[in-house]
Amino acid sequence: MERLYIQGGKRISGEIDVQGAKNSALPLLAATILTEGKSVLHNCPDLSDINAACKILSYLGCDVTYSGNTVTVDAANITNTDIPESLMSEMRSSIVFLGALAARVGKTKLCFPGGCELGPRPIDLHLSSLRQLGLDIKEEHGYLDCHRTKRLRGAKIMLSFPSVGATENIMLASVTADGETIITNAAGEPEIVDLADYLNKCGAKITGAGESTVIIKGVDNLQGTEHSVIPDRIVASTYLCAGAITGGELLIKKCNPTHIESVLPVLEQTGCKIITGADNIYIRAPERLCHMETVRTMPYPGFPTDAQAPLMPLAVIANGTSVFVENIFESRYKQVSELRKMGADIRIEGKVAVIEGVDRIYGANVRATDLRGGASLIIAGLAAEGETVISDIYHIDRGYERIEDNLRSIGAKIKRI
Ligand code: EPZ
């Protein structure tokens, strides 16, 4: 079983490139199913989740090549319509294939995505929206059995919550539907805009992506295209936290500072100096971090829930008390029990976490509870006194491309054992 070994106390300093966004690459890969030609996706991160998505596309009959950070998909011949449980369970977010399959082949059977470490992951908004577009969905024995007798038709869809995945599924199902679809209260994350950009380059007619109302005018078919995945805003935030917690100085490159405008002020509250360029961010940390004002996770452009866990260790060793409120997922504080093993003083009351800053934390044997919880432990390990060993790091490999090599290249003492 692989583990990460960290010798804490080393100052981070140097430059680092940010990888392409996992949460954009995944829906983009699903979107290639809609095209009857070849698509080339550049800046795709090299991650196990991306690997799993490519395996699903190959299983469906697409011709997929994944070399370096470029994925080429030719979706001319879809021969399978169901996604086997073995592939579905490898990646929870494979629900995003549902909309594209419903539109392209008209029937599909896939298993209910398992709950994941963040609590139950309901898909009620996905299902009710796709039913409004004319997809017949039977939920039985943990499977979704879907089919349509005729072409999907546009609809006015109001989302009770701006769900990222549901917004993506509606876009994917409606781009070739008959008529116009209007999504109200749509998610506005940068990944939604990236998906719309790709689909429009393929010939779709989508307007309003990134706003709360998205309009999709159905077209007859889509051609493949070439596209570059946007930078990963959560990975960028994670590296900034690594610089901040070690009293370091870091320039992160190939990122988009406008995508984390809600994260940068929080880092400045802790005493970090931040200078942003067009595609880079410079951070210089103080000797001792100050506590931050209340951090509330919110839909974009609010503070991203995915950055909550990586940011928490900064509050753990800051001077003063910090309060986090996790408004997006039901149980996204799994990393807290592991941080306590390192000496953190954190009290959880429902969705509120009260973090009393301590002078120092200590290396310990801990385990990654989920993707961003794992990143949280790496950030804590960088600042802890002594050695930290993190197990179950397969969670981390789902979202971070060679994180130990990148951190080692900027001064961290970290290795995979
Ligand atoms: C996407 O998940 C991301 N995953 C998540 O990143 C991210 O945390 C989340 O958006 C919020 O930004 C991918 O893009 C692959 P949601 P998604 O639908 O689409 C509830 C990471 O660490 N909900 O916006 O699943 C849901 O339970 C991952 O990279 C319903 O109730 O997020 C949650 O509480 C973790 N019914 C909230 O909405 C539904 O039908 C937000 O979910 C759908 C969602």
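Counting only Cα atoms, the size of the range 11-96 along its three principal axes is 52, 27, 17 Å, in decreasing order.
The value given for the range 251-342 is a Kirkwood hydrodynamic radius of 14.0 Å, derived from the mean inverse Cα-Cα separation. For Thr321, the amide hydrogen comes within under 5 Å of the amide hydrogens of Gly357, counting only partners 5 or more places away or on other chains and with H modelled in the peptide plane.
Can you work out ³J(HN,Hα) from phi for every residue in the range 276-281, in order, using Karplus 6.51 cos²θ - 1.76 cosθ + 1.60 and θ = phi - 60°, giving whole Hz and x for Gly and Pro? Going residue by residue, I get 9, x, 4, 9, 8, 9 Hz, with x marking Gly and Pro.
Three principal axis extents of the range 268-417 based on alpha-carbon atoms, in descending order, are 37, 37, 30 Å. Only DSSP H runs of four or more residues enter the estimate; each adds -39500 (n - 2.57), and after division by the residues of the chain the mean residue ellipticity at 222 nm equals -8500 deg cm²/dmol.
Reducing the range 391-406 and the range 4-18 to their Cα centroids gives an inter-centroid distance of 14 Å. Here's the list of lysines a cross-link from Lys138 could span, going by alpha-carbon distance under 24 Å and ignoring same-chain residues fewer than 8 apart: Lys107, Lys109, Lys150, Lys156. The C-alpha atoms of the chain define a longest principal axis, and helix 164-174 lies at about 20 degrees to it. Close amide H partners of Ile12, meaning residues 5 or more places away or on another chain with modelled amide H under 5 Å apart, are Thr246, Gly248, Glu249. In this Cβ point-charge picture (+1 for Lys and Arg, -1 for Asp and Glu), the range 245-336 has a dipole of about 160 debye about its Cα centre.
Note on the chain: with a GNM built from Cα contacts shorter than 10 Å, the maximum mean-square fluctuation among Met342, Met88, Met158 falls on Met158. To the nearest 0.05, what FRET efficiency results for His147 and Glu226 with a Förster distance of 35 Å applied to their C-beta separation? According to the calculation, E is roughly 0.60.
What the phi angles of the range 355-361 give under the Karplus curve with 6.51, -1.76 and 1.60, with θ = phi - 60°, is a coupling list of 10, 8, x, 10, 5, 8, 10 Hz, glycine and proline written as x. Near Leu144, the amide H atoms lying under 5 Å from its own belong to Leu110, Cys111, Phe112; only residues 5 or more places off or on other chains count, and H is placed 1.01 Å from N.
Just round it to a whole percent: the fraction of Cα-Cα distances in the range 72-216 exceeding 28 Å. The share of Cα pairs beyond 28 Å in the range 72-216 comes to 14 percent. The equivalent ellipsoid that matches the C-alpha gyration tensor of the range 2-153 spans semi-axes of 32, 20, 13 angstrom, in descending order. The long axis of helix 371-383 is offset from the longest Cα principal axis of the chain by roughly 20 degrees.
Rounded to whole numbers, the Karplus 3J(HN,Hα) couplings from phi for the range 129-134 are 5, 5, 5, 5, 8, x Hz, using 6.51 cos²θ - 1.76 cosθ + 1.60 with θ = phi - 60°, and x at Gly and Pro. An ellipsoid equivalent to the range 169-213, defined through the eigenvalues of its Cα gyration tensor, has semi-axes of 15, 13, 8 Å when rounded to whole angstrom and sorted largest first. Spin-label model, Glu180/Glu211: points 7 Å from Cα along the beta carbon direction are separated by 1.3 nm.
With a Cα-only, solvent-free Debye model of the range 35-76, what are the log10 I(q)/I(0) values at q = 0.16, 0.29, 0.31, 0.32 Å⁻¹? Taken in order of the listed q values, log10 I(q)/I(0) reads -0.34, -1.05, -1.14, -1.18. Straight-line cross-link partners of Lys415 among the lysines, defined as a Cα under 25 Å from its Cα and at least 8 positions apart when in the same chain: Lys10, Lys22, Lys253, Lys254, Lys334, Lys341. Peptides 172-183, 70-81, 369-380, ordered by how many other C-beta atoms sit within 10 Å of their residues on average, highest first, read 369-380, 172-183, 70-81. The packing ranking of peptides 271-278, 19-26, highest mean first, is 19-26, 271-278, where packing means the average number of other beta carbon atoms within 10 angstrom of each residue. Its residue count N fixes a reference of 2.2 N^0.38 Å for the chain, and the Cα radius of gyration divided by that reference is 0.98.
Every number in this text was worked out from the coordinates using simple rules, so none of it is lab data. All values derive from a computational prediction rather than experimental measurement. For neighbour counting, all protein chains shown are included, and Cβ atoms are generated from backbone atoms with ideal geometry for every residue, glycine included.
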